[in-house]
Amino acid sequence: MAAENPFKGILTVLPKPGGGEFGKYYSLPALNDPRIDKLPYSSRILLESAIRNCDNFQVKKEDVEKIIDWENTAPKLVEIPFKPARVLLQDFTGVPAVVDLACMRDAMNKLGSDSDKINPLVPVDLVIDHSVQVDVARSENAVQANMELEFQRNKERFAFLKWGSNAFHNMLVVPPGSGIVHQVNLEYLGRVVFNREGLLYPDSVVGTDSHTTMIDGLGVAGWGVGGIEAEATMLGQPMSMVLPGVVGFKLSGKLRSGVTATDLVLTVTQMLRKHGVVGKFVEFYGDGMSELSLADRATIANMSPEYGATMGFFPVDHVTLQYLKLTGRSDETVEMIEAYLRANKMFVDYDEPQHEKVYSSCLHLDLAGVEPCVSGPKRPHDRVPLKEMKSDWHSCLDNKVGFKGFAVPKDAQEKVVKFSFHGQDAELKHGSVVIAAITSCTNTSNPSVMLGAALVAKKACDLGLHIKPWVKTSLAPGSGVVTKYLLQSGLQKYLNQQGFHIVGYGCTTCIGNSGDLDESVASAISENDIVAAAVLSGNRNFEGRVHPLTRANYLASPPLVVAYALAGTVDIDFEKEPIGVGNDGKNVYFKDIWPSTEEIAEVVQSSVLPDMFKSTYEAITKGNNMWNQLSVPSSKLYSWDTSSTYIHEPPYFKDMTMDPPGPHGVKDAFCLLNFGDSITTDHISPAGSIHKDSPAAKYLTERGVDRRDFNSYGSRRGNDEIMARGTFANIRIVNKLLNGEVGPKTIHIPTGEKLSVFDAAMKYKSAGQDTIILAGAEYGSGSSRDWAAKGPMLLGVKAVIAKSFERIHRSNLVGMGIVPLCFKAGEDAETLGLTGHERYTIDLPEKISEIHPGQDVTVRTDTGKSFTCIVRFDTEVELAYFNHGGILPYVIRQLIQQ
C-alpha cells in the first residue's frame, strides 16, 4: 500500500522577493544529480511529477531513477507511471465521460459501495465548444442564429453537462459559446504552474482531444488521450506510459516576409513525419525561438498529431511570460511562475549560457528557408509548395485514386459545368472551391494570420475583387478575443464583405460541420462527377471529413483561404495567373493582395490588447442567458430517460461482479472488416452528419425523430445506440471484402450478404460468433476518439490484427478489452495470403500471469494457415485492464477495495 514520500527531504520553500513565501516545492537541484542538467525540459516535468507523487505503490522510487537516467533507459522502452496535474475534456468527449461517470456511480451503488467515491480526484476542466453546424454563414446575425440552433438541437446534452458540473466535485465547466477547447485552454485555463494549498508544481494536462497539444506552446506538457484513459486519470489512476524518447528540433534564422506560421507548421510537420516521431516528445530550442511568437509556437504544437509526436514542446521563456501578461494573468501569478521555474531548472533564459541537452536525435530548420505552402488534397502531411500547386493539382487529376490521386480521364479534366445559382449564372470545374473556411482548431490562436486574412480581404475589396456567392465561406474563431481585435483593427467589415462572417466560436468545418451546400451547387457537383475543393485553415483534411461532396480538401493559412476563395479554384499558379479583374479592368495578381510581415505586425501591435482577454474570460464565470436558464436536477445519481436519443445508459457494467472475468482468447472468429493502411479514427468513429440511409438514421426515424433534427454524431456521443450504429459508417471507407467498392458496408461471411457494418456485426453477435478486424499500417491514426474503441467493442469485435497502431488508439482498444495484435515485421494479411474469409483463433494463455507485454502469440485459421503475431499489451497495467475486462471495470473494483 501507499507509503510516505521518500523524497520529502527535498521539499523546499520558495521565497517571495519582498518577503514571505510563494509556497513549497520538490526541488530538482536538491537531488544534487548532474544527470538532471542534461535532461530535456519536457522530461523534467515527468521527473517532478514522479517525485511529487512517489508513494512506492502507484509511483515507485525506481520510476524516479528511470527518468533521471533517461539517456540510458529511454532506448529500452521502459514503463513509467505519470500523474498529470489536470484533465481537459471537450464537449464531444466530455459527454460520454460524464455518462460513464454517472454509469460507474450507478454500478457502485448496485454493488453496495459508496457511490460518491466516483468523483474526479484530479481537477477537470470541461469546455463546451459545442461544434457549430454552419447552417447560417453569409449573414450578419450568423453567430446568434447558429447559437440558437445549437441550443435547440443540443439542449438535452448541455443540460446533462450542467447536471454533471453540480453532481461531481472538482469539475469546472466552461459554458457553450465561449470558444474552442484548445484556445480556451491556452488563453485562460493553462496555469503553467499550480499553487495548490501551498504546494507548487508544473501544470501538465491530458485531454480528450488530440490537439490538447496546443498547450505545449505555453510550456505546459499536454497531449491527447482517449476518453477512457482520461476518466481513469480523473479518478486518481496513474497513466502508464513508455518513457518517451525526445527529438530535439533546433530552430535558427527568421521567417521571410510574407511567410506565415501555417507555412512553417506544414514544413515542420512534413520534416517530423519523415523523421519518424511516433510516441516521442519533440522539444524545440535554438536561437530561432526568439523569432517565434507564442501564437506561432502554439500553432506548431497544435499539429503534433499530424506529425505523430506525443507532443511538440516549447519550454517556458520570456516570450511565454509576455503572453501570460497579455492574456490577463496577474503580475503576481507571472512572478510566481517565473520564480518557481527558475528555481527548479525548468526556465530557459537565452541570455545565459545553455547546458547541452541530450536528445534521442536532432533536426534543424533554418526559418529563412520556409516558403508558402498548402497541404492536401487528402492528408495534412502532404505538403505542396504554393509555386507548385497548379502542377501538383494536375498530377492529382491524372494519378490513380489514392491520397494524391483522383483518376480523372484526360478528356474530362477541362469539363465546365454551367448552372443557375439563385438566378445568377454560375460554373464549376474540377478544382473549383465551394467551401472556404477559416476554422478555429489551429490558426485562430494566432493574431498574425487572422489579421493577415483580414488584410487580404481589405486589399481585395479596395481593388474590386469579390468572392463568388456560391462559395460557402465562414469564419469560426477559437475565442471571442478574435472578434475583439478584428473589430479594434477595423478589418472585420472587409471579411464580412467577402462573406467571411463569424458563424460561431467552436469546431465547424474541420470536424465535418460545414453544413449543407446550396442545392444547386450540390447537384452540379454530384450530377457531373466534379472533383470540387474545400480550402480550410484547420488541420483535418481527411477525405470525406469536411463535406461528402468535396473530394479535394486543402489545409492553408487563413490569408491563403481568402486568396483561394477569391480565385475560386485551386487550379491556379499564383505567381503567373491573375486572381481576377479589378474595378479598373486590369488583372489583379496574388502579390497585389498579399500583406507584408511588417503590415501585419503593425496591426497586431495596435489591435491585440490585454483587456480583450480579461473581458472575454470574465464572461465565462457569468455564463450566458441560454445556459443560465437550463434547469437541471440536483440528484447525485442520474435519472436515465430510456426514450432519450441523446443520453443513454451504456451496457459497459451490465452484470458486473467483483471478480475480474480474466483474459479471453478468440475462437473461430469471423473477419468483420479487412482494411489496408492508414485507416484513421475518422474512418472508424462516428463523425459528421448522420446520413439519411444509415443504421443510425433508421434508429432515429423509428423513434419519431425528423430528419432535420438528426443533428451530428458528435452531438449524440452520449447515446451508445447511435454511436454503435455509426461505427465504421464513413462513406469513404475501403473494405477489401467488398473488392474495391467504397462505402460503409461489409460481407457477412456465412451468408455472403452485403450489409451495413452494424447489421453484419449484430448478425454475428446474435449467433454468438466473435469477430476480428484485419488492418495495415497506422491503424487508428488521427484524432484521439474513444468511440473508435467503444464502437468496435459494442459491435462485438474481440481483436484487431494490424501492421502498426497509432499510440492512443492502441491504448484505447486495450481499455475496452479488445486485443491489439501486430503482424511480424515484413508480414501482413496480403503476404500471408489472408483474404478475410477465414475464421480466426487467437491462442492466448488462460491465466493473466502467463501473458507478458510484447509476447508472441499464434493465430490459426480454419484453412490450415497459422502465423505469429505480437500481442500489443505494452505494460503490466494494460494487462491488468485486460484481466478486468477494461479500464473502467478495473477502476470501479479498485475504488471499492479502498
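The values are calculated or read from the model by the stated rules, or taken from the named source; none is laboratory data. What you see is a predicted model; the values in this text were computed from it and never measured. Cβ atoms come from the backbone with ideal geometry, glycine included; neighbour counts cover every protein chain shown. Protein only, heavy atoms only, side chains kept; ligands, DNA and RNA dropped before computing areas. Shrake-Rupley method; radii C 1.70, N 1.55, O 1.52, S 1.80 Å.
When peptides 253-260, 173-180, 857-864 are ranked by their average number of other Cβ atoms within 10 Å per residue, the highest-first order is 173-180, 253-260, 857-864.
Both numbers refer to the Cα atoms of the stretch 373-608; Rg and Dmax are 16.8, 53 Å. For Phe22, the residues whose modelled amide H falls within less than 5 Å of its own, excluding neighbours fewer than 5 places apart on the same chain, are Leu14, Lys16. Projecting the Cα atoms of Trp163, Ser139, Thr616 onto the charge dipole of the chain, computed from C-beta unit charges around the Cα centre, puts Trp163 farthest toward the positive end.
Listed values for the stretch 846-859 are Karplus-derived 3J(HN,Hα) couplings in whole Hz (6.51 cos²θ - 1.76 cosθ + 1.60, θ = phi - 60°), namely 7, 9, 5, 5, 9, 9, 10, x, x, 7, 7, 9, 9, 10, and x replaces Gly and Pro. Here the stretch 517-591 and the stretch 344-384 have alpha carbon centers that stand 30 Å from each other.
Note on the stretch 666-885: antiparallel DSSP beta bridges, both residues inside, total approximately 60 percent of the bridges counted. Take every DSSP beta bridge whose two residues both sit in the stretch 373-608; close to 50 percent of them are antiparallel.
Here the stretch 425-490 and the stretch 219-257 have alpha carbon centers that stand 31 Å from each other. With contacts taken as Cα pairs under 8 Å and at least 6 residues apart, the stretch 821-861 reaches a relative contact order of 39 percent.
Among Ile747, Pro380, Ile36, whose Cα sits farthest toward the positive end of the charge dipole of the chain (+1 at Cβ of Lys/Arg, -1 at Cβ of Asp/Glu, about the Cα centre)? Result: Ile747, furthest along the dipole toward the positive end. Once the 1.4 Å probe is applied to the protein heavy atoms, the stretch 373-608 comes out at 34 Å² accessible per residue. Each residue was assigned an accessible area with a 1.4 Å probe, and for Lys484 the value is about 80 Å². Charged side chains reduced to their Cβ positions (Lys and Arg at +1, Asp and Glu at -1) give the stretch 666-885 a dipole of some 620 debye around its Cα centre. With both labels modelled 7 Å from their Cα along Cα-to-Cβ, the Lys591 to Leu77 distance reads 5.3 nm. In the chain, the calculated helix contribution to ellipticity at 222 nm averages -9500 deg cm²/dmol per residue, counting -39,500 (n - 2.57) for every DSSP H run with n ≥ 4. For Arg707 and Lys493, the FRET efficiency from 1/(1 + (r/R0)^6), where r spans their Cβ atoms and R0 equals 35 Å, is about 0.40. For the stretch 734-745, backbone phi angles converted through the Karplus equation (6.51, -1.76, 1.60; θ = phi - 60°) give residue-by-residue couplings of 10, 10, 4, 5, 9, 6, x, 5, 9, x, x, 10 Hz, Gly and Pro being listed as x. Net charge dipole, the stretch 373-608: roughly 440 debye, given to the nearest 20, about the Cα centre with Cβ charges of +1 for Lys and Arg and -1 for Asp and Glu.
Using 0.36 nm per residue and subtracting the Cα-Cα separation, the extra length available between Asp529 and Asp425 on full extension is 35.5 nm.
What is the dipole size for the chain, taken about its Cα centre, with +1 at each Lys and Arg Cβ and -1 at each Asp and Glu Cβ, in debye to the nearest 20? The dipole magnitude comes to about 840 debye.
What does DSSP give for the chain in terms of the percent of beta bridges that are antiparallel, rounded to the nearest 5? If we restrict to bridges inside the chain, about 45 percent are antiparallel. Packing here is the average count of other Cβ atoms within 10 Å per residue, and on that basis the peptides 400-409, 773-782, highest first, run 773-782, 400-409.
Averaged over its residues, the stretch 666-885 has an accessible area of 36 Å² per residue, based on protein heavy atoms and a 1.4 Å probe. Here r is the Cβ-Cβ distance between Asp518 and Ser290 and R0 is 35 Å; the resulting FRET efficiency, rounded to 0.05, is 0.15. In the chain, a dipole from Cβ-located charges (positive for Lys and Arg, negative for Asp and Glu) runs towards its positive end, and of Gly248, Met234, Leu272 it is Met234 whose Cα lies farthest in that direction. The heavy atoms of Leu326 present about 50 square angstrom of accessible area, all protein chains included, probe 1.4 Å. With 26 Å as the limit on Cα-Cα distance, the pairs of Lys698/Lys790; Lys274/Lys576; Lys622/Lys790 that go past it are Lys274/Lys576; Lys622/Lys790.
Across the stretch 187-208, no residue has a backbone nitrogen under 11 Å from the label position 7 Å along the beta-carbon direction of Asp116. Estimated at 0.36 nm per residue, the fully extended path between Asp693 and Asp843 surpasses their Cα-Cα distance by 50.1 nm. When only alpha carbons are used to place a centre, the stretch 823-883 and the stretch 142-184 end up 43 Å from one another. Look at (1) 40.3; (2) 29.0; (3) 28.1: the one that is Kirkwood radius over Cα pairs in Å derived from this structure is (3). Relative protection proxy for 701-712, 495-506, 517-528, 795-806, from highest mean packing down: 495-506, 795-806, 517-528, 701-712 (other beta-carbon atoms within 10 angstrom). Note: the stretch 727-802, Cα convex hull, 91 Å³ per residue. Can you tell me, using C-alpha contacts under 8 Å and at least 6 residues apart, the relative contact order of the stretch 373-608 as a whole percent? This gives 29 percent for the stretch 373-608. Solvent-accessible area of Thr831, all protein chains in place: 90 Å² (probe radius 1.4 Å, heavy atoms, ligands and nucleic acids excluded). How high is the relative contact order of the chain, given as a whole-number percent (alpha carbon pairs under 8 Å, six or more residues apart)? In percent, rounded to a whole number, it is 13.
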